[in-house]
Amino acid sequence: MKQKIGFIAEVKVNFPGADFWLVRKGSEASVGQPVEFFNREFIGLRFNAKVAVARYYFYVMQIYYQTGVFERLAKGTLQLKHITVDDVIELDAHPS
């Protein structure tokens, strides 16, 4: 069984103490993009430093973003898409 992000990180919206954030809603091209600045609408991820290196997972999220994982998970209208906290929690922590 693969390890999920939700097992090694706290994931929630409006999370100023996160290690980094994911764009939660926007265009299909922007949703899921990892960023290093807080916005209360973004999904924040804070990793347990005893089991995970946050910088590594920033790059994992970039891989997911660049390979279209978030685009496939996005829900909504043609103009406004969104991902949920549950979508992020259920991602594999170690992409293959």
**Report entry** Filtered residues of the range 26-66 (kept if touching a helix residue (DSSP H, G or I) at 6+ places or on another chain (Cβ under 7 Å) and more than 21 Å from F7 (Cβ to Cβ))
**Finding:** E28, V31, Q33
**Report entry** Selected residue (only one of G17, G6, G32 is at positive phi and not β-branched (V, I, T))
**Finding:** G32
Query raised in the report: Applying the selection to the range 9-53, what residues are over 12 Å from V88 (Cα atoms), among the β-branched types (V, I, T) and out of contact with any strand residue (DSSP E or B) (no Cβ under 6 Å at 6 or more places or on another chain)?
Result: V51, V53
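Each value in this text was obtained by applying a stated rule to the coordinates, not by laboratory testing. Being a predicted model, the structure only gives us computed values, none of them experimental. Methodologically, a virtual Cβ is constructed for each residue, glycine included, from the backbone with ideal geometry; neighbour enumeration extends over all protein chains shown.
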